[in-house]
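Report on one structure; see the data block that follows.
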Amino acid sequence: MSLTDPVADFLTRVRNAIGARHQKVDVPASKLKAEMARILKEEGYISNFKLTEEDGHKVLRIYLKYNSSNDAAIATIQRVSRPGCRVYVGRTEIPRVMGGLGINIMTTPKGVMTGKQARKEGVGGEILCEVS
């Protein structure tokens, strides 16, 4: 099975798992997805993640986070830049998600980081997704 947009697949699996109230979700691993998971963990949207291997395939296992009333930490997670329509921004045009309540995950020349970090580092890049 070939995926044209592995990042969208990653986001959709997380979204579906949250909708079904799963505790964890497995996605095919890649360096980019591992970096995205690291940011989601640092920002408190997921409880943890780990790289494992199943049947010779590297798998990224993501442990989802819910509060005491069983609401997911991630309310919305959506793709911004798509293979058909890439979205690049300069360091001065990085948008704020929900007035600073959410985050955007970007790829920059200095690696994968949140929009806030990119603003601080003074770099622009491609906006992969928005999380709130």
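Would you list which lysines come within 26 Å of Lys110, measuring only between C-alpha atoms, while excluding same-chain residues fewer than 8 positions from it?
Hits, sequence-local ones excluded: Lys31, Lys33, Lys41, Lys50, Lys58, Lys120.
What residues have an amide H closer than 5 Å to that of Gly102, excluding those fewer than 5 places away on the same chain, when H is modeled at 1.01 Å from N in the peptide plane?
Amide H to amide H, under 5 Å and 5 or more residues apart or across chains, Gly102 pairs with Val97.
Amide H to amide H under 5 Å from Ala75: which residues, 5+ apart in sequence or cross-chain, H placed 1.01 Å off N in plane?
Residues meeting the criterion, in which the H sits 1.01 Å from N, are Ser132.
Which cross-chain or sequence-distant (5 or more) residues have an amide H under 5 Å from the amide H of Ile46, H modelled 1.01 Å from N in plane?
Residues meeting the criterion, in which the H sits 1.01 Å from N, are Lys41.
Measure nothing but the geometry: give the 0 to 90° angle between the long axis through the Cα atoms of 6-19 and the longest principal axis through the Cα atoms of the chain, rounded to 10°.
60
For the chain, find the longest principal axis of its Cα atoms and tell me its angle to the long axis of helix 31-42, 0 to 90°, nearest 10.
90
Using θ = phi - 60° and the Karplus form 6.51 cos²θ - 1.76 cosθ + 1.60, what ³J(HN,Hα) does each residue of the stretch 65-79 get, whole Hz, x for Gly and Pro?
With coefficients 6.51, -1.76 and 1.60, one gets 10, 10, 8, 4, 8, 6, 8, 5, 5, 8, 7, 9, 9, 9, 6 Hz.
Residue by residue through the stretch 43-48, what is 3J(HN,Hα) from phi via Karplus (6.51 cos²θ - 1.76 cosθ + 1.60, θ = phi - 60°)? Round to whole Hz and write x for glycine and proline.
8, x, 8, 10, 7, 6
Sort the stretch 77-131 into rounded, prolate or oblate with this rule: let a ≥ b ≥ c be the square roots of the eigenvalues of the Cα gyration tensor; rounded if a/c is under 1.5, and if a/c is not under 1.5, prolate when a/b is larger than b/c, oblate otherwise.
In terms of gyration-tensor shape, oblate.
Ratio of the chain's C-alpha Rg to 2.2 N^0.38 Å, to two decimals?
Taking N as the residue count of the chain, the ratio is 1.04.
To the nearest 500 deg cm²/dmol, what mean residue ellipticity at 222 nm is calculated for the chain from DSSP H runs of n ≥ 4 alone, each contributing -39,500 (n - 2.57), summed and divided by the residues?
Mean residue ellipticity, 222 nm, calculated: -7500 deg cm²/dmol.
Read the figures in this text as sums done on the coordinates, not as results from a lab. Keep in mind it's a predicted model, so treat the numbers as computed, not measured.
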